[in-house]
Amino acid sequence: MRRVLSLTVAIMFVLAAATGARAQTYTFTADLSGGNETPGVVTGAGGTATITLDTAANTVSWVIDVYNLPSGVTAGHIHVGSPGVGGPTLVNFTVVAGTSNDFRISGSAGASNLNARTAQGVGSWDDFEQAMLNGDCYVNVHSQANPGGEIRGQLVLQP
């Protein structure tokens, strides 16, 4: 009986450790500028992004601070793409269209909000998580003056 109990406890620890290895929260940051756009954009606008990826809840949340945007915002997203390479959107941010100057975009999304991009290797939420962890995602904020993107920053995993 003692052996069975010991074995049961050992199995529970192994299962807990395996689950804990998958269930983590990661923080990513990015410095947003026009020079990071592809091609680069001359602008006085800038910003910062903090993205939190929760692998247990399958959610992503964001706080994007935009500064000195000269014309109204039209959209914001997380895209898949390496530095200097444009890529399609994966997660859309809700923005108040036409807002300019200094403002914040914040929100969250789950797996049902993912724009799957199978051709770019992101066909599922697990693929999205892997792209984020590999450094293959960036934040982009679009404006009326620069509909292709006013400021952009590559997401970097924080220790």
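Bear in mind that the values in this text are calculations on the coordinates, not laboratory data. Predicted, not measured: the structure shown is a model, and the values here were computed from it. Glycine gets a Cβ as well: all are built from the backbone with ideal geometry, and neighbour counts include every protein chain shown.
Key figures for this structure:
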read-out	value
Unmet criterion (only one of (1) free of Cβ contacts under 8 Å to residues at least 24 places away in the same chain; (2) buried (at least 16 other Cβ atoms within 10 Å of the Cβ)) for residue 40	(2)
Close pairs from region 128-147: first under 15 Å from residue 115 (Cα atoms), partner β-branched (Val, Ile, Thr), Cβ under 7 Å, at least 6 apart	128/122; 129/55; 131/80; 131/122; 137/78; 137/80; 139/64; 139/78
One residue from 112, 106, 124 being in contact (Cβ under 8 Å) with a residue 24 or more places away in the chain and of a type outside the set (Asp, Glu)	106
Any chance residue 119 is touching a Phe, Trp or Tyr at 6+ places or on another chain (Cβ under 6 Å), surrounded by fewer than 18 Cβ atoms within 10 Å (Cβ to Cβ) and over 27 Å from residue 44 (Cβ atoms)	no
Subset tally (residues that are among the small types (Gly, Ala, Ser), surrounded by fewer than 19 Cβ atoms within 10 Å (Cβ to Cβ) and either touching a Leu at 6+ places or on another chain (Cβ under 6 Å) or not in a loop (DSSP other than H, G, I, E, B) (or both)) for region 47-62	1
Residue among 82, 71 that alone is under 18 Å from residue 44 (Cβ atoms) and assigned to a loop (DSSP other than H, G, I, E, B)	71
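Rundown of residues vs (1) part of a loop (DSSP other than H, G, I, E, B); (2) loosely packed, with under 13 Cβ neighbours inside 10 Å; (3) in contact with a helix residue (DSSP H, G or I) (Cβ under 6 Å, 6 or more places away or on another chain), yes/no style:
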residue: 104; (1), (2), (3): no, yes, no
residue: 127; (1), (2), (3): no, no, no
residue: 130; (1), (2), (3): no, no, no
residue: 135; (1), (2), (3): yes, no, no
residue: 147; (1), (2), (3): yes, yes, no
